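Here the structure is laid out as structure tokens; the discussion comes afterwards.
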Amino acid sequence: MIIVMGAGAAQKEIRTVIARIRALGYTPHPIVGKERTVIGAIGDERGKIVLQGSSRFRVERIVPILKPYKLASREVKQERTVIRIAPG
């Protein structure tokens, strides 16, 4: 999942959210930008509900990443893929 911190979130708030992400069993990957910090959280989605109560730490929104192979799915490309193999 992706956790978007609100604009102006203090470093202490960001560290607290990262610690909470770790405590839930995720691996945090913070990306610090000019206006916002985004934290990628790799792991099981079951802790998402617990993390959503983090609004007091300026969590702007949480974006779940539901399908790890979405680009290879029929959702993105409806037609069949044909792979031709040269005769050996």
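The values are calculated or read from the model by the stated rules, or taken from the named source; none is laboratory data. The structure presented is a predicted model; accordingly, all values stated were derived computationally and were not measured. Backbone-built Cβ (ideal geometry, glycine too); neighbour counts: all protein chains shown. Ligands, DNA and RNA are excluded from the accessible area calculation, which covers all protein heavy atoms including side chains. Shrake-Rupley method; radii C 1.70, N 1.55, O 1.52, S 1.80 Å.
Observations
- In region 60-88, residue modelled with the lowest pLDDT [restricted to those that are among the aliphatic types (A, V, I, L, M), part of a loop (DSSP other than H, G, I, E, B) and open to solvent by less than 100 Å² (accessible area, probe 1.4 Å)]: Val76
- Residue ID - nearest to Arg58 (Cα to Cα), chosen from residues in region 12-46 that are surrounded by fewer than 18 Cβ atoms within 10 Å (Cβ to Cβ) and in contact with a Ser or Thr (Cβ under 9 Å, 6 or more places away or on another chain): Thr16
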